[in-house]
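The values are calculated or read from the model by the stated rules, or taken from the named source; none is laboratory data. In this text, all values refer to a predicted model and were calculated from it rather than measured experimentally. Ideal geometry is used to build each Cβ from the backbone, glycine not excepted, and the neighbour counts take in all protein chains shown. Accessible surface areas use protein heavy atoms only, side chains included; no ligands, DNA or RNA. Shrake-Rupley method; radii C 1.70, N 1.55, O 1.52, S 1.80 Å.
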Amino acid sequence: MKAHDSELAQNDIVNKLTKPIEHINSLIDILSKEYPARKLEKKKNITIIRNNHRQCLVMFSGSIALYRCSDGFIINAEAAPFIFGINTQLRYEQHLSLRAQETSEIALVPQQELYEIVEKNNLWESVARITDYSAAKIYTHCLAVSKLSAYEIIRHQLMTLMTEPEEIRQKMTAANYILSRSFLSRSGTMKILSYLKQAGFIDLRRGILMEISELPEKLNNYYMK
């Protein structure tokens, strides 16, 4: 796929990608009656296998990142409300892990029991909506990190960072956020961020992204592979 075609595909997905909040809350409201929330401290990892049974992680508050164990690469990150593990996204749990990006409230629900609750309350549409959203979110991320232009990757990640909860935006530098979600070099990333700051496109304070004034689609005089 050409770079231009890839960008059009990504923009189309992003524009249509809407988190199914109503469906997520419908399921969480029922689950919360049997599975009370407990606190998960910031930066704590959590396994979704208990007694050899796969669990679903229900997020009542906070945010959780799904990352690759081998190198810490973040595949997906979600703010509450959300449910991880409702489909097969965590099938290869020995290679993937979940980590709290901020202090969060969660509950673990055995996957089979969740399916039984879904069946009993006729909530399969909600499951389908959540699954569809998860797949589209990860696909969008894959499109972003596979672009030919380093700037395009950084542009996408900066815009995504601005949508993150305040707890994350104010305590993670823009550079670290981008590097944890891409294969870019630190030196190249810092060089582009420095340029964007000096040109007035973004407001960075001690590396923290405060505001995006404008981000051009291309930087013709500052293109980096």
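Search segment 62-90 for residues being polar (S, T, N, Q) and either over 18 Å from the mean Cα position of the chain (by Cα) or assigned to a loop (DSSP other than H, G, I, E, B) (or both), and hand back the single one that is modelled with the highest pLDDT. Break it down into steps so the answer makes sense when it comes.
Initially, segment 62-90 is screened for residues polar (S, T, N, Q), giving 63, 70, 76, 87-89.
Keeping just the survivors that are either over 18 Å from the mean Cα position of the chain (by Cα) or assigned to a loop (DSSP other than H, G, I, E, B) (or both) gives 70, 87-89.
Details: Ser70: 80, Asn87: 77, Thr88: 64, Gln89: 55.
Across segment 62-90, the extreme among qualifying residues is Ser70.
Quick one: is Ile30 at pLDDT 95 or above, among the aliphatic types (A, V, I, L, M) and crowded, with 21+ Cβ neighbours inside 10 Å?
Judged against the criteria, Ile30 is not a match.
So, Leu193, is that one under 27 Å from Asn45 (Cβ atoms), open to solvent by less than 40 Å² (accessible area, probe 1.4 Å) and either touching a strand residue (DSSP E or B) at 6+ places or on another chain (Cβ under 7 Å) or in a loop (DSSP other than H, G, I, E, B) (or both) or not?
no
Is there any pair with a first residue in segment 42-61 that is assigned to a strand (DSSP E or B) and a second that is open to solvent by 80 Å² or more (accessible area, probe 1.4 Å) whose Cβ atoms are under 6 Å apart and which are 6 or more apart or on different chains, and what are they?
Matching pairs, first to second residue: Asn45/Arg99; Phe60/Glu105; Ser61/Glu105.
So Gln112 fits all but one of (1) over 16 Å from Ser63 (Cβ atoms); (2) open to solvent by 60 Å² or more (accessible area, probe 1.4 Å); (3) modelled with pLDDT of 95 or more; what number is the exception?
Of the numbered conditions (1) over 16 Å from Ser63 (Cβ atoms); (2) open to solvent by 60 Å² or more (accessible area, probe 1.4 Å); (3) modelled with pLDDT of 95 or more, the odd one out for Gln112 is (3).
Hey, among Asn25, Asn45, which residue is modelled with pLDDT of 95 or more and either open to solvent by 50 Å² or more (accessible area, probe 1.4 Å) or under 26 Å from Asn176 (Cα atoms) (or both)?
After applying the criteria, what remains is Asn25.
Step by step: first the residues of segment 125-150, then only those that are at pLDDT 80 or above and either outside any helix (DSSP H, G or I) or charged (D, E, K, R) (or both), then the one that is least open to solvent (accessible area, probe 1.4 Å). Which residue is that?
Restricting to residues being at pLDDT 80 or above and either outside any helix (DSSP H, G or I) or charged (D, E, K, R) (or both), the top hit is Ser149.
Given Arg38, Arg50, which one is at pLDDT below 85 and surrounded by fewer than 16 Cβ atoms within 10 Å (Cβ to Cβ)?
Details: Arg38 fails: at pLDDT below 85.
Just one listed residue meets the conditions, Arg50.
Which pairs turn up if I take residues in segment 117-136 that are under 14 Å from Asn25 (Cβ atoms) and look for partners that are in a helix (DSSP H, G or I) and among the aliphatic types (A, V, I, L, M) with beta carbon separation below 7 Å, at least 6 apart in sequence or on another chain?
The qualifying pairs are Asn121/Ile30; Leu123/Leu27; Ser126/Leu27; Val127/Val118; Ile130/Ile24.
Condition test on Gln157, is it farther than 24 Å from Phe82 by Cβ and of a type in the set (S, T, N, Q)?
No: the conditions fail for Gln157.
Can you name every residue in segment 171-190 that is among the polar types (S, T, N, Q) and open to solvent by 30 Å² or more (accessible area, probe 1.4 Å)?
Hits for segment 171-190 are Thr173, Asn176, Ser185, Ser187.
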